[in-house]
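Colleague: One structure, pasted below without further comment.
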Amino acid sequence: AAMIGLISALGCGLLVHLYGLVNAIHNYDDILQQPKGYGAGVTLGRWFLNVLGDFCEKYLNLGYNLPLVNGMALLVFVALSAALVIWLLKIRNPVSAGLAGCLMVTFPTFCSTMLFRFTAGYYGLCLLLSVMAAWAIEKPKYGIFLSALFTALSLGIYQAYTPVTIGLMVLMLLRQS
């Protein structure tokens, strides 16, 4: 079912966001980051965004504001997050898994993130780290440490995805009850 969610998230995301992926839609922040950049880092408490942004610009030459590359990175990270959420919540129904994947890539938060594509890949990684923090908490040996590490890294990129981790942990606790 998690694979169905992953595939439906990728397919639905491509269908819904195709126009934004192949066209440059500029906003106030996007214009400031032309032709390359990743936005404000340490000054806004985003220390890990600074680390990732500098690494990607220096070693991978990926610091450019490319709508297709950055948008696809976001789409892949969110699709992986959707698959992990489906697996965590033990959603077995294929239709429900497919709808969950589609829901994650069409949710308004995701759509607004697509407008800030110069940081979209980083924010997608942030969401994946938030979901991985909830996943790691159930691991018997180093689960709490891994969960804390993933949460800290996620907070270091963007602070808005912490409720995802908290919400997933509460849902997992309810499922265990």
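The values are calculated or read from the model by the stated rules, or taken from the named source; none is laboratory data. Since we're looking at a predicted model, the values are computed, not measured. Ideal geometry is used to build each Cβ from the backbone, glycine not excepted, and the neighbour counts take in all protein chains shown. We work out accessible area using only protein heavy atoms, side chains counted, and drop any ligands, DNA or RNA first. Shrake-Rupley method; radii C 1.70, N 1.55, O 1.52, S 1.80 Å.
Colleague: Which of the helices (runs of 4 or more DSSP H) contained wholly in the stretch 75-164 include at least 1 residues that are surrounded by 20 or more Cβ atoms within 10 Å (Cβ to Cβ), out of contact with any Lys or Arg (no Cβ under 7 Å at 6 or more places or on another chain) and of a type in the set (Ser, Thr, Tyr)? I'd like the intermediate steps shown before the answer.
Modeller: On the way: elements: 94-106, 108-114, 120-136, 143-157.
Ranges flagged: 108-114, 120-136, 143-157.
Colleague: List, please: which pairs have Cβ atoms under 9 Å, are six or more places apart or on different chains, and start with a residue in the stretch 128-146 that is under 15 Å from ALA2 (Cβ atoms) and touching a residue at least 24 places away in the same chain (Cβ under 8 Å) and end with one that is of a type in the set (Phe, Trp, Tyr) and open to solvent by 50 Å² or more (accessible area, probe 1.4 Å)?
Modeller: Final answer for the pair search is LEU128/PHE77; TRP135/TRP87.
Colleague: Still on this model: Assess whether VAL78 counts as being modelled with pLDDT of 85 or more and within 25 Å of VAL22 (Cβ to Cβ). Talk me through it step by step, then tell me what you get.
Modeller: Numbers: modelled with pLDDT of 85 or more: yes; within 25 Å of VAL22 (Cβ to Cβ): yes.
Here the answer is yes, as VAL78 does meet what is asked.
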